[in-house]
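Have a look at the structure below before the remarks.
The values are calculated or read from the model by the stated rules, or taken from the named source; none is laboratory data. Note that this is a predicted model, so its numbers are computed, not measured. Here the Cβ is made from the backbone with ideal geometry for all residues, glycine too, and neighbour counts use every protein chain on show.
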Amino acid sequence: MPSGYIDIKSSDNKGSFKAYFASRPYVSDLPRPAGIVIAQEIFGVSPFLKEMANRYAAHGFAVIVPDLFWRQEDPLTELPDQSEIATQKAFDLYKNFDVEKGVDDIAASLRWLRENDNVSGKTAVVGYCLGGLLAFKSGCQLDIDASISYYGVGIEKALENKAMIRKPMMLHIGEQDSLVGPETQELLKKEFADSSFVKINSYAGADHGFARTGGVNYDRAAAEISDMRTLSLLKNL
């Protein structure tokens with residue numbers, strides 16, 4: 001299946017939503033690819049997330065970036081930049097976003113991947129910012145093989161199901177993150193100090209959004225190291 005947009009039916013039968021899909025061309029004598037759902041930042045299905053989907057597809061994965069704001073913004077939320085107008089719209093959508101419905105829509109995206117004949121049964125969720133929280137909650141609540149959170153906001157308020165984590169989880173956090181402060185970082189390190197599943201990676205000097213190519217806080221070194229760690233985990237599914 002070529003890269004492009006697909007439609008996914010919601011689990012609660014409230015409609016369908018768009019998702020960007022990227023995968024290598026199917027070759028019958030190669031192993032079927034593992035599936036990845038990328039959970040969005042507040043900017044929706046942004047050029048950055050489509051770039052990341054294409055990168056992971058080049059490494060042999062089948063990747064979906066679902067529009068998780070579809071219940072508020074029909075038919076597709078794509079904010080191509082971080083201008084003042086786009087940022088205000090993004091925060092307005094974020095304020096009215098139902099996190100649990102977002103997890104449900106990730107589950108529907110995972111179902112689509114598993115039902116696709118060219119995809120193996122192995123799946124993971126990778127998320128950034130808001131999506132980092134959703135990746136964490138997915139690792140707690142959904143049947144997936146790995147979850148990776150980049151600078152997830154609000155994880156410290158979503159620890160009620162942490163005992164349900166039974167598969168590898170990786171948290172990438174910049175030490176200078178303005179939205180995930182020092183106290184939160186210390187709390188998370190203490191919460192998961194004895195966990196055999198959760199690995200927290202800290203990046204000196206990096207701020208929130210350090211992995212976002214072209215973003216104001218982009219940190220090339222931190223982005224490359226974190227992406228290398230993520231890819232290593234995904235390739236061992």
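Under the condition of being surrounded by 20 or more Cβ atoms within 10 Å (Cβ to Cβ) and among the basic types (K, R), the residues counted in segment 166-192 number 0. Scanning segment 104-162 for residues that are part of a helix (DSSP H, G or I), among the aliphatic types (A, V, I, L, M) and at pLDDT 95 or above yields I106, A107, A108, L110, L130, L133, L134, A135, I155. Just one of the numbered conditions (1) farther than 16 Å from A158 by Cα; (2) assigned to a loop (DSSP other than H, G, I, E, B); (3) within 19 Å of the chain's Cα centre (by Cα); (4) among the hydrophobic types (A, V, I, L, M, F, W, C) is not true of V216: (3). Checking S232, S195 one by one, the residue that is part of a loop (DSSP other than H, G, I, E, B), among the hydroxyl-bearing types (S, T, Y) and either surrounded by fewer than 20 Cβ atoms within 10 Å (Cβ to Cβ) or touching a residue at least 40 places away in the same chain (Cβ under 8 Å) (or both) is S195 and no other.
A quick yes/no check of all residues on (1) closer than 25 Å to A57 by Cβ; (2) touching a strand residue (DSSP E or B) at 6+ places or on another chain (Cβ under 8 Å); (3) at pLDDT below 95:
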| site | (1), (2), (3) |
| --- | --- |
| G205 | no, yes, no |
| G214 | yes, no, yes |
| S232 | yes, no, no |
| K235 | yes, no, yes |
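Determine if segment 39-46 includes at least one residue that is farther than 13 Å from E78 by Cβ, out of contact with any Phe, Trp or Tyr (no Cβ under 7 Å at 6 or more places or on another chain) and hydroxyl-bearing (S, T, Y). The answer is no, given that none of the residues of segment 39-46 is farther than 13 Å from E78 by Cβ, out of contact with any Phe, Trp or Tyr (no Cβ under 7 Å at 6 or more places or on another chain) and hydroxyl-bearing (S, T, Y). Of the residues making up segment 31-71, those that are in a strand (DSSP E or B) and more than 13 Å from the chain's Cα centre (by Cα) number 1. Per this entry, N13 is counted among residues that are without any contact (Cβ under 8 Å) to a residue 24 or more places away in the chain and not basic (K, R).
Among the conditions (1) in contact with a helix residue (DSSP H, G or I) (Cβ under 7 Å, 6 or more places away or on another chain); (2) at pLDDT 95 or above; (3) among the aromatic types (F, W, Y), Y94 misses just one, which is (2).
For (1) crowded, with 20+ Cβ neighbours inside 10 Å; (2) free of Cβ contacts under 8 Å to residues at least 60 places away in the same chain, each residue gets a yes or a no:
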{"site": "F69", "(1), (2)": "yes, yes"}
{"site": "P75", "(1), (2)": "no, yes"}
{"site": "S83", "(1), (2)": "no, yes"}
{"site": "V99", "(1), (2)": "no, yes"}
{"site": "G102", "(1), (2)": "yes, no"}
{"site": "S120", "(1), (2)": "no, no"}
{"site": "A124", "(1), (2)": "yes, no"}
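Of the residues making up segment 203-212, not a single one is loosely packed, with under 12 Cβ neighbours inside 10 Å, of a type outside the set (S, T, Y) and free of Cβ contacts under 8 Å to residues at least 12 places away in the same chain.
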